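The values are calculated or read from the model by the stated rules, or taken from the named source; none is laboratory data. No experiment lies behind these values; they were computed from the predicted model shown. Virtual Cβ from ideal backbone geometry, glycine too; neighbours counted across all protein chains shown. The protein model used for the area step is the full one, side chains on, heavy atoms only, and it has no ligands, DNA or RNA in it. Shrake-Rupley method; radii C 1.70, N 1.55, O 1.52, S 1.80 Å.
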Amino acid sequence: EEMINYFRYDYPKPSGEHPFSVYTEAGICPWNKNHYLLHIGLRGKDIDRNEMSPSNLVFLIDVSGSMNYPNKLPLLKSAFGMLVNELRPEDRVAIVVYAGAAGVVLESTPGNRKEAIMQALENLQAGGSTAGGAGLMLAYKIAEKNFIKGGNNRIILATDGDFNVGVSDNRSMEQLVEEKRGLGIYMTVLGFGMGNIKDDKMEIIADKGNGNYAYIDNIQEARRVLVQEFGGTLFTIAKDVKFQVEFNPAYVKAYRLVGYENRLLADQDFNDDTKDAGEMGAGHTVTALYEIIPAGSEEPGFPTVDPLRYQGKGEARPADDMRPSLKDVPRELCNIKLRYKDPDALTSKLFSKTVGTDIKKAGETTDRFRFSAAVAEFGMILRNSKYRGNATTADVISLASGARGTDPDGYRAEFIRLVQSS
């Protein structure tokens, strides 16, 4: 799902009372012509930069010895320099660093004092072990001290994730961040470098800290995350966003969500407002794909984590002798329910959308449907997924090439070159 969501799909802007729109499209599954593929896309509302609330930012920067490579601390300085250029006078920035110990190298400073902020960044040098837990605690302390009520209070952690001193195991980090997220301080995590990169720790910190995670390996990627997608990276418009899909057993025998293995919620968690879920930023998009086995298919359903005791193999439809007549059921493939909270709210809002049974043929689907499917197909090939069906890299290249669309930044063309290289 990370590969699929790397790309933007130009979904319609939200126009109603909710801060994001919901787009759906169903077509024949490219890697298994006997299956359907359901594409679901969310798009957060855009906010003009001049209308964004003031920011209280704390840069939490890893300056340990492992960061002493050109694609780590030097790249990090350039990346943060781009972000500093985007700041307004009403925004504030503090800088906390950590290696063997944690310390403040810049107290909270107005965004128009760019030279002072840039100088503090430029003076950073790498060396020592990594006391990540101590750095996080100090960053939260500084963020609380300079808290802007109604503002965007956020820690931006930049690291290779190689914590090895103090509070460093995943569960301890998780507990620390969970304790602090109730304060209204969000978390953005930026990963740098290769070799010892620790994606698991960084994703945990971002997920549990009501935030997002991005990996930066070059200056173009830094520009994408911190300039082009500035609002989506730094300004939350909805938190604890969850969606639950109920498939109609009259039309669906079985289904599987492509990816998202570490983001699944128990069914009952959907209505539980105490359960943490994902955040959406301004202009942010989220895409999910479901592979569907149609009702009436002779093939067995997808295996489930916990097969149901009374309903066969965990299939979406009931047994044939219990299945309602098609004239008695609505012509709907599924019903999508969404819950979210406003950034400062404790209770969620609910709305839903139904998806009809119109399944598009291969030549009828949109660029966004075909390109997302190509990316998913390549992901399954890389993982050697048992669900890859007839997927080949040649098919991926053909599907993606025909769905490039306008591609103003060249990301889709770059994906095609990546598949060709592999």
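Tell me whether region 57-123 comes out rounded, prolate or oblate; compute the Cα gyration tensor, take square roots of the eigenvalues as a ≥ b ≥ c, and use a/c under 1.5 as the rounded threshold. Here region 57-123 falls in the oblate category.
Is region 38-79 rounded, prolate or oblate when judged by the Cα gyration tensor, a ≥ b ≥ c being the square roots of its eigenvalues, rounded requiring a/c under 1.5 and prolate requiring a/b larger than b/c? The shape class here is oblate. Each residue of region 377-393 is assigned a 3J(HN,Hα), and the resulting list reads 4, 5, x, 5, 5, 4, 8, 6, 5, 5, 9, 5, x, 9, 4, 9, 5 Hz, derived from the Karplus form 6.51 cos²θ - 1.76 cosθ + 1.60 (θ = phi - 60°), x at Gly and Pro. Other residues whose C-beta falls under 10 angstrom from the C-beta of PRO110 contribute a net charge of +2, scoring Lys and Arg +1 and Asp and Glu -1. Taking 7 Å steps out from each Cα toward its Cβ at ILE148 and GLU17 produces label points 3.0 nm apart.
Here the Karplus relation 6.51 cos²θ - 1.76 cosθ + 1.60, evaluated at θ = phi - 60°, turns the backbone of region 269-277 into coupling constants of 6, 4, 8, 9, 6, 7, 7, 6, 9 Hz, with x for every Gly and Pro. For ARG256 and SER108, the difference between the fully extended length at 0.36 nm per residue and the C-alpha to C-alpha distance is 48.6 nm.
Pairs spanning more than 28 Å between alpha-carbon atoms, out of LYS141/LYS341; LYS45/LYS386; LYS13/LYS341; LYS72/LYS208; LYS13/LYS33: LYS45/LYS386; LYS13/LYS33.
Per residue, region 202-294 exposes 36 Å² of solvent-accessible protein surface, assessed with a 1.4 angstrom probe and all protein chains in place. Using just its DSSP H runs of length 4 or more, each adding -39500 (n - 2.57), the chain gives a mean residue ellipticity at 222 nm of -7500 deg cm²/dmol after division by all residues. Here the chain exposes an accessible surface that is 49 percent carbon and sulfur, computed with a 1.4 Å probe and the other protein chains kept in place.
Judged by the mean number of other Cβ atoms found within 10 Å, the most tightly packed of the peptides 42-48, 383-389, 370-376 leads the ranking 370-376, 42-48, 383-389.
The HN-Hα couplings worked out from phi for region 27-34 by the Karplus form 6.51 cos²θ - 1.76 cosθ + 1.60 (θ = phi - 60°) are x, 5, 6, x, 8, 7, 5, 8 Hz, whole numbers, x standing for Gly and Pro. Cross-linked pairs LYS77/LYS149; LYS180/LYS337; LYS180/LYS239: Cα-Cα separations exceed 22 Å for LYS77/LYS149; LYS180/LYS337.
Taking the longest Cα principal axis of the chain as reference, the axis of helix 199-208 is set at about 90 degrees. The modelled label-to-label distance between GLU246 and LYS33, using points 7 Å beyond Cα along the C-beta direction, is 3.6 nm.
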